[in-house]
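Visitor: Structure provided below as structure tokens; questions to follow.
The values are calculated or read from the model by the stated rules, or taken from the named source; none is laboratory data. What you see is a predicted model, and the numbers here were worked out from it, not measured in a lab. Heads up, the Cβs are rebuilt from the backbone with ideal geometry, glycines too, and the neighbour counts pull from every protein chain shown.
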Amino acid sequence: KAGVTQTPRYLIKTRGQQVTLSCSPISGHRSVSWYQQTPGQGLQFLFEYFSETQRNKGNFPGRFSGRQFSNSRSEMNVSTLELGDSALYLCASSMGAGVRTEAFFGQGTRLTVV
Amino acid sequence: AQRVTQPEKLLSVFKGAPVELKCNYSYSGSPELFWYVQYSRQRLQLLLRHISRESIKGFTADLNKGETSFHLKKPFAQEEDSAMYYCALSAGVDNFNKFYFGSGTKLNVKP
């Protein structure tokens, strides 16, 4: 079956702009999580959505937001971009219920803010 | 607060040598611990998790609650094991997909 798909793969934006990243989970998966990966901070949890509801949130400013649609696809939005937002953004999907579910990661969207 | 520490950024060993990638965590509750691996140009993927107590590709990891450690071990490293390894902690059932990742250890297995 198809894996987690993230689009676009690469993105270049200017400071102050906003950006929307998309994640299509594995079919049947209801949980989608987002992570930011940078050389300095490593992998940091942004938020998780389950059945269209935000279930968990990391320590990021309100400029970072997300949503999940009824088909479990998720979008992440970053407003008023800053240079420090340049990173690889990873999405992970899982069944979402129970401890034995595994999270599958997408290949990420590389965002560069100039 | 939850925290995962991987003290080594880079670990170089020769093929056939034993390898141990260290991971220590801090968490007040009962954690779920995982090892994820990222091979060159590939996506992050699950290697193993402590609740399964299984061996994947010859790797094992034992959760030591007394030392709050979850070190990854393999008795004989192979060149194909060269990759980036991340230790991760999940804060439980309702927070299962909220992982706290370590900074990662790059394993380089030399021929």
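To keep it simple, each residue is scored yes or no on (1) touching a Gly at 6+ places or on another chain (Cβ under 9 Å); (2) of a type in the set (S, T, N, Q).
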site: A:THR53; (1), (2): no, yes
site: A:PHE64; (1), (2): yes, no
site: A:ARG67; (1), (2): no, no
site: A:GLU75; (1), (2): yes, no
site: A:GLY84; (1), (2): no, no
site: A:THR109; (1), (2): no, yes
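Visitor: Would you mind stating whether B:LEU89 is within 14 Å of another protein chain (Cβ to nearest Cβ), within 19 Å of B:GLN45 (Cβ to Cβ) and either touching a helix residue (DSSP H, G or I) at 6+ places or on another chain (Cβ under 8 Å) or at pLDDT below 95 (or both)?
Guide: yes
Visitor: Pick out, from the range A:39-114, the strands (runs of 3 or more DSSP E) lying fully within it that include 3 or more residues that are of a type in the set (S, T, N, Q).
Guide: A:53-57
Visitor: Could you tell me whether any residue of the range A:56-67 is closer than 17 Å to A:GLY106 by Cα, in contact with a His (Cβ under 9 Å, 6 or more places away or on another chain) and within 14 Å of another protein chain (Cβ to nearest Cβ)?
Guide: No, every residue in the range A:56-67 fails to be closer than 17 Å to A:GLY106 by Cα, in contact with a His (Cβ under 9 Å, 6 or more places away or on another chain) and within 14 Å of another protein chain (Cβ to nearest Cβ).
Visitor: A further question on this structure: Hey, among A:PHE45, A:PHE69, A:PHE60, which residue is touching an Asp or Glu at 6+ places or on another chain (Cβ under 8 Å) and free of Cβ contacts under 8 Å to residues at least 60 places away in the same chain? Step through it out loud before you land on a result.
Guide: Values: A:PHE45 fails: touching an Asp or Glu at 6+ places or on another chain (Cβ under 8 Å); A:PHE60 fails: touching an Asp or Glu at 6+ places or on another chain (Cβ under 8 Å).
The unique qualifying residue is A:PHE69.
Visitor: Further, regarding this structure: Just the residues that are within 11 Å of another protein chain (Cβ to nearest Cβ) and within 14 Å of A:GLY108 (Cβ to Cβ), please, taken from the range A:6-31.
Guide: The one that is within 11 Å of another protein chain (Cβ to nearest Cβ) and within 14 Å of A:GLY108 (Cβ to Cβ): A:GLN6.
Visitor: While we're looking at this one, here's another question. Can you run down the residue pairs with Cβ atoms below 9 Å, 6 or more apart or on separate chains, where the first is in the range B:16-36 and free of Cβ contacts under 8 Å to residues at least 12 places away in the same chain and the partner is part of a loop (DSSP other than H, G, I, E, B)?
Guide: As it stands, the answer is B:SER28/B:ALA1; B:SER28/B:GLN2, since those pairs meet every condition given.
Visitor: Go through the range A:40-58 and give me each residue that's touching a strand residue (DSSP E or B) at 6+ places or on another chain (Cβ under 9 Å) and closer than 23 Å to B:TRP35 by Cα.
Guide: Across the range A:40-58, the qualifying residues are A:GLN41, A:GLY42, A:LEU43, A:GLN44, A:PHE45, A:LEU46, A:PHE47, A:GLU48, A:TYR49, A:ASN56, A:LYS57, A:GLY58.
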